[in-house]
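The values are calculated or read from the model by the stated rules, or taken from the named source; none is laboratory data. What you are looking at is a predicted structure, and each value in this text was computed from that prediction instead of being measured. Here the Cβ positions follow ideal geometry from the backbone for every residue, glycine too, while neighbour counts run over all protein chains shown.
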Amino acid sequence: KLSKRLETVASFVPTGAIIADIGSDHAYLPCYLINKKIAKKAIAGEVVKGPFESAVRQVREEGLIHKISVRLADGLEAIDESDKVDAITIAGMGGPLIVSILENKPSALDSVTRLILQPNIHAKVIREWAIKNNWALLDEVILEEDDKIYEVLVLQRGEMELSEVEILLGKHLLAEKSEVFIKKWQKEIENWERVLTSLDGAEPTSEILAKRGELLHLIDLVKGELHNEN
Ligand code: SAM
């Protein structure tokens with residue numbers, strides 16, 4: 001059975017899509033998408049040999065070799081024009097790594113109309129990348145599984161303007177303010193406050209002062225949103 005996290009990612013894959021799952025590990029997601037007849041064809045990309053071999057094994061065991069092509073490649077090098085990929089999933093990595101994968105071979109996105117990204121941390125950099133590269137947030141989900149909180153960002157082509165706080169917290173997630181969302185950001189505020197306290201003892205160099213200022217700003221910004229009823 002697929003994790004709730006990957007099931008959420010899968011729920012945004014358009015029916016009939018040709019999908020590339022980059023950093024696929026066991027290829028659980030592409031196997032699920034083919035078995036459920038959501039995707040028409042899939043590519044599972046992996047840059048590390050061990051996970052690549054697990055993906056090959058899984059796809060064979062499920063009898064899906066005609067529908068899923070498993071490729072050993074770095075990021076979007078796993079796909080080319082002739083694949084006509086229309087949706088890409090990248091899950092279970094940090095936001096900065098996801099962005100670096102997207103930036104490494106922009107031409108691989110030419111045929112793509114939807115990106116479903118699941119950063120474990122720093123979703124903010126994905127929203128910044130999206131604004132710069134003409135992708136807009138179609139939806140966002142925040143969920144908790146096994147005591148971890150995950151965000152899923154769904155992007156389609158289009159222009160988008162976000163405020164500073166929407167970039168940090170997520171436009172849709174902020175509008176919804178779910179319990180999990182509040183829990184995540186309360187924890188972040190606690191972390192920032194802890195760092196702030198630890199800076200109290202430090203010599204006030206310009207760097208320390210800048211860091212303090214930045215933390216105070218973030219705490220203020222996010223607290224303001226959590227306490228604001230709409
Ligand atoms: N996507 C799966 C999931 O969400 O459960 C697996 C996540 S696993 C934590 C991250 C995987 O991404 C690892 O198997 C790693 O080898 C792979 N990976 C990291 N950087 C990559 C890159 N540049 N290209 C392809 N795969 C990459």
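Looking for whichever is away from the ligand (no atom under 16 Å from the Cβ) and under 16 Å from H172 (Cα atoms) here; the options are L117, L143, L138. Which one fits?
L138
Among the candidates V56, V85, which residue alone is outside any strand (DSSP E or B) and under 11 Å from I18 (Cα atoms)?
Only one candidate passes the filter, namely V85.
Against the condition assigned by TED's automatic domain parsing to the domain that holds E161 and surrounded by fewer than 24 Cβ atoms within 10 Å (Cβ to Cβ), how does I101 come out, does it pass?
Judged against the criteria, I101 is a match.
Regarding S82, is this residue of a type in the set (S, T, N, Q), closer than 24 Å to T113 by Cβ and either under 22 Å from the mean Cα position of the chain (by Cα) or away from the ligand (no atom under 15 Å from the Cβ) (or both)?
So S82 fits the description; yes.
Check E176, E203, E140, E207 and return the single one that is surrounded by fewer than 16 Cβ atoms within 10 Å (Cβ to Cβ), of a type outside the set (V, I, T) and at pLDDT 95 or above.
Every option except E176 fails the conditions.
Could you please let me know if A108 is in contact with a Ser or Thr (Cβ under 6 Å, 6 or more places away or on another chain), at pLDDT 95 or above, within 14 Å of the ligand (Cβ to nearest atom) and part of a helix (DSSP H, G or I)?
In short, no.
So, in region 24-55, how many residues would count as being surrounded by fewer than 21 Cβ atoms within 10 Å (Cβ to Cβ) and at positive phi?
Residues meeting the conditions: 2.
Which of the residues spanning region 108-136 are aliphatic (A, V, I, L, M) and closer than 15 Å to G95 by Cα?
Matches in region 108-136: L115, I116, L117, I121, A123, V125, I126, A130, I131.
Please go through region 6-47 and pick out each residue that is of a type outside the set (A, V, I, L, M) and part of a helix (DSSP H, G or I).
E7, T8, Y28, P30, C31, Y32, N35
Out of L155, L169, which single residue is in contact with a strand residue (DSSP E or B) (Cβ under 9 Å, 6 or more places away or on another chain) and aliphatic (A, V, I, L, M)?
Exactly one residue qualifies, and that residue is L155.
Out of region 158-175, which residues are free of Cβ contacts under 8 Å to residues at least 12 places away in the same chain and either in a helix (DSSP H, G or I) or of a type in the set (F, W, Y) (or both)?
Of everything in region 158-175, just one residue is free of Cβ contacts under 8 Å to residues at least 12 places away in the same chain and either in a helix (DSSP H, G or I) or of a type in the set (F, W, Y) (or both), namely A175.
If you go through region 33-54 one residue at a time, do you hit one that is within 14 Å of the ligand (Cβ to nearest atom) and within 24 Å of I142 (Cα to Cα)?
yes
When you go through (1) closer than 20 Å to Q118 by Cα; (2) assigned to a loop (DSSP other than H, G, I, E, B) one by one for L155, which number turns out not to apply?
Against the list (1) closer than 20 Å to Q118 by Cα; (2) assigned to a loop (DSSP other than H, G, I, E, B), L155 comes up short only on (2).
What residue, among those in region 95-147 that are touching a strand residue (DSSP E or B) at 6+ places or on another chain (Cβ under 9 Å) and basic (K, R), is nearest to S82 (Cα to Cα)?
Checking each candidate, the answer is R114.
Considering region 127-175 alone, what residues qualify as being among the acidic types (D, E) and either within 26 Å of A108 (Cβ to Cβ) or within 16 Å of the chain's Cα centre (by Cα) (or both)?
Residues satisfying the conditions are E128, D139, E140, E144, E145, E151, E159, E166.
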